[in-house]
Amino acid sequence: MKNKLQSKQSIALFIAVTFSAITLNTWWNANAQTTAKPTPPKYTKLQDVKNFSIKGNGKAFQPGNLQQTNQPDKADDQKFKRGVIGWDDRVPMLSRQYPWSAIGRVQGLTTEGKDYHCTGTLISEDVVLTNAHCVIDPETRQLSQKILFLPNVINGKVTDESDIAQVQNVIYGTDFTGTKLENQTNDWAVLKLNKPIGLKYGYLGWKSFPSSTLTKNRNKYIFVGYSGDFPNTNKQNYQFFTAGKGWTASVQQGCSIVGEESNVLLHDCDTTGGSSGGAILGVIGNQPCIIGLNNAEIKTRDGRTIINLGVKIDFLDRLAGK
């Protein structure tokens, strides 16, 4: 059975890679911040990067006023009360404590004026990790004209609207002019913000492991993403999510890295549009850290997902000069 699955993955990887992340919505039109002319970020290829640093060099930072909790669905706001829902493995991210505080929504505006969203994670006081296809259209290769990062969005709200940060600079791994495999393995971007909100919300470190180590720890990983199909307000006790789908992150605890093929991670975490750029987390010594980056899914022609794909995180070591 395992050999059959690997064979299907091998064939599908080069034929039917579907990037899983961009979900369109109407947020820009409804938000007063968009009345001004958008200020495009500066885009820089990895090979052209000079004098860029990631403060912390991969080490996490937890603000002194935030507690660490492994219960993402334990709400700090008592109005968010819910029962146990058994319809899938995901729970809503309702906590404003660390490390959930460091995860947020990447909000972009395309050159055609269409708005979309992905997921991002603070990895420094002013740097967010996400996918390249969350800032560059893989088909047209057009660059997003405006990008914001909304930290720890719950039901469409952030703790303080003044903490919504604008992206000033983008460093990306691919502009999608390479082969499918090159684009897949380099589908990452780091976003330099205009304010150091990581000092308030904290940021996550990362740890690069060989796939042989990652695959041994089955059902040990955590995935967080602002999925476009979550939360489903038709489900019991989810009616209070009035902001709609994609405005509260979903959390899956207990997913796996099931393998690696051609330097591409294969994982079984639940994903859908909007969850691209979401970090796959591991817990090492009671400290959560990023061990991979979700970016795509392989589907059959009838839309059934075979496996999800991820980007190895070792590029951050190179970018940080380790």
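Every condition in (1) more than 16 Å from N155 (Cβ to Cβ); (2) among the β-branched types (V, I, T); (3) touching a residue at least 40 places away in the same chain (Cβ under 8 Å) holds for V224 except the one numbered (1). Out of (1) buried (at least 23 other Cβ atoms within 10 Å of the Cβ); (2) part of a strand (DSSP E or B); (3) among the hydrophobic types (A, V, I, L, M, F, W, C); (4) under 14 Å from the mean Cα position of the chain (by Cα), what's the single condition that is false for C269? Unmet condition: (2).
Number of residues in the stretch 101-132 that are over 18 Å from D175 (Cα atoms), small (G, A, S) and touching a strand residue (DSSP E or B) at 6+ places or on another chain (Cβ under 9 Å): the value is 5.
Could you check G254 against (1) touching a Pro at 6+ places or on another chain (Cβ under 6 Å); (2) closer than 19 Å to D73 by Cα and say which number it fails? In the conditions (1) touching a Pro at 6+ places or on another chain (Cβ under 6 Å); (2) closer than 19 Å to D73 by Cα, G254 misses (1) alone.
Residue-wise test of (1) among the aliphatic types (A, V, I, L, M); (2) touching a residue at least 40 places away in the same chain (Cβ under 8 Å); (3) touching a His at 6+ places or on another chain (Cβ under 9 Å).
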site	(1), (2), (3)
S211	no, yes, no
T215	no, yes, no
L265	yes, yes, no
G285	no, no, no
I298	yes, yes, no
L319	yes, yes, no
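Of the strands (runs of 3 or more DSSP E) lying entirely inside the stretch 90-206, those containing at least 2 residues that are at pLDDT 95 or above and crowded, with 19+ Cβ neighbours inside 10 Å are 103-109, 115-124, 127-130, 146-151, 165-172, 189-193.
Restricting attention to the stretch 213-248 and to residues that are in a strand (DSSP E or B) and out of contact with any Asp or Glu (no Cβ under 9 Å at 6 or more places or on another chain), the residue that is farthest from L122 (Cα to Cα) turns out to be Y221. On inspection, G246 qualifies as modelled with pLDDT under 95, touching a strand residue (DSSP E or B) at 6+ places or on another chain (Cβ under 9 Å) and at positive phi. For the stretch 140-157, state whether one or more residues are of a type in the set (A, V, I, L, M, F, W, C), under 24 Å from F52 (Cα atoms) and more than 15 Å from the chain's Cα centre (by Cα). Yes, that holds for at least one residue.
Against the list (1) assigned to a strand (DSSP E or B); (2) among the hydrophobic types (A, V, I, L, M, F, W, C); (3) touching a Leu at 6+ places or on another chain (Cβ under 9 Å), the condition V251 fails is (3).
The values are calculated or read from the model by the stated rules, or taken from the named source; none is laboratory data. For clarity, every value in this text was computed on a predicted model and none was experimentally measured. As a convention, Cβ positions derive from the backbone with ideal geometry for all residues, glycine included, and neighbour counts pool all protein chains shown.
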